[in-house]
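**Q** I have a structure here, written as C-alpha cells, and I will follow up with some questions on it.
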Amino acid sequence: MIRKRVTGMLASTALVLAGAAALAPGAAASGASLATAPPASGASVQQACWGQPEHGSAGHYGNSSWCDSGRYRQAIRCETLGGYRYVHYGPYVWAPAKSTAWCNLGDRVVGNWLE
C-alpha cells in the first residue's frame, strides 16, 4: 500500500511539474531541487530557483521557493486524508524574496511549482 501511494505521488508530481513547465517555463522548481530556466522576458540571463519543504508550528505543511531574478509565486498541490486534492498559492514576490504556500491543517503537500 505504501509503495502504491509513493508511486502515485511520484506520478502526480511528474504530471504537475510537466504542466508547470509548459505553462511557466521561466519559473519551474520542485522541492529542494535547483531549476535553471530562461526568464519569461526572454532575456539572455538564466534564472535559478530553489525550494524547500516547510513545517509550521501548528502542524501545517507547505513549501517555500526563491529565485535569483524575476517575479514568481509558490504553488502547491495538497491532499487530504480522504484523497481530495486542491491547490494553494503563496504571494507573488520579486527576487530574491521567498514565497511560501501552506496546505490546510492535517493535509500534506503532493506537488509544488513556481508560477
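**Q** Would you please report the Å³ per residue occupied by the convex hull of the alpha carbon atoms in the stretch 54-115?
**A** 65 Å³
**Q** For residue 54, enumerate residues with amide H under 5 Å from its amide H, sequence gap 5+ or separate chain, H modeled in the peptide plane.
**A** 62, 63, 64
**Q** Here is a further query. For the stretch 52-62, what does the Karplus curve 6.51 cos²θ - 1.76 cosθ + 1.60, with θ = phi - 60°, yield as ³J(HN,Hα) per residue in whole Hz, taken in order and with x for Gly and Pro?
**A** Values, residue by residue: 8, x, 10, 10, x, 5, 8, x, 6, 10, x Hz.
**Q** What is the spin-label model distance, in nm, from residue 55 to residue 86 if the labels are put 7 Å beyond Cα along the C-beta direction?
**A** About 2.4 nm separates the two model spin labels.
Values quoted throughout were computed directly from the atomic coordinates according to the rules given, and no laboratory measurement underlies them. None of the values given here were measured: they were computed from a predicted structure. Virtual Cβ from ideal backbone geometry, glycine too; neighbours counted across all protein chains shown.
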